[in-house]
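First the structure, in the form of structure tokens, and then the observations on it.
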Amino acid sequence: MEASLDAPRVCNRSEELRDMSEFKKYECVICGHIYDEAAGDPDSGLAPGTRWADVPEDWMCPDCGVGKDDFELLEE
């Protein structure tokens with residue numbers, strides 16, 4: 001029996017965890033606020049899973065108001 005093309009995609013837990021582990025975090029060098037791609041910034045309209053590259057250039061740190069240029073990638 002062939003699988004239906006309309007059948008829902010089954011995602012296993014290890015695939016979900018791998019995808020989540022690839023999320024990065026960025027820290028504001030002014031106040032220390034952490035932007036976590038996995039969490040996003042829902043208060044600013046950025047859904048969980050929003051990658052840093054997809055954060056608008058006019059987005060500002062919710063804690064101190066500086067722009068994206070004042071954030072650095074956190075190495076984990």
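The values are calculated or read from the model by the stated rules, or taken from the named source; none is laboratory data. Everything numeric in this text was worked out from a predicted model, so none of it was measured. Neighbour counts are summed over all protein chains in view; Cβ atoms, including those assigned to glycine, are modelled from backbone coordinates with ideal geometry.
Within the stretch 25-72, the set of residues being crowded, with 16+ Cβ neighbours inside 10 Å, assigned to a loop (DSSP other than H, G, I, E, B) and either in contact (Cβ under 8 Å) with a residue 40 or more places away in the chain or touching a helix residue (DSSP H, G or I) at 6+ places or on another chain (Cβ under 9 Å) (or both) comprises GLU37, VAL55, TRP59, CYS61.
Checked against the criterion of being modelled with pLDDT of 95 or more and surrounded by 10 or more Cβ atoms within 10 Å (Cβ to Cβ), the stretch 3-21 has no qualifying residue.
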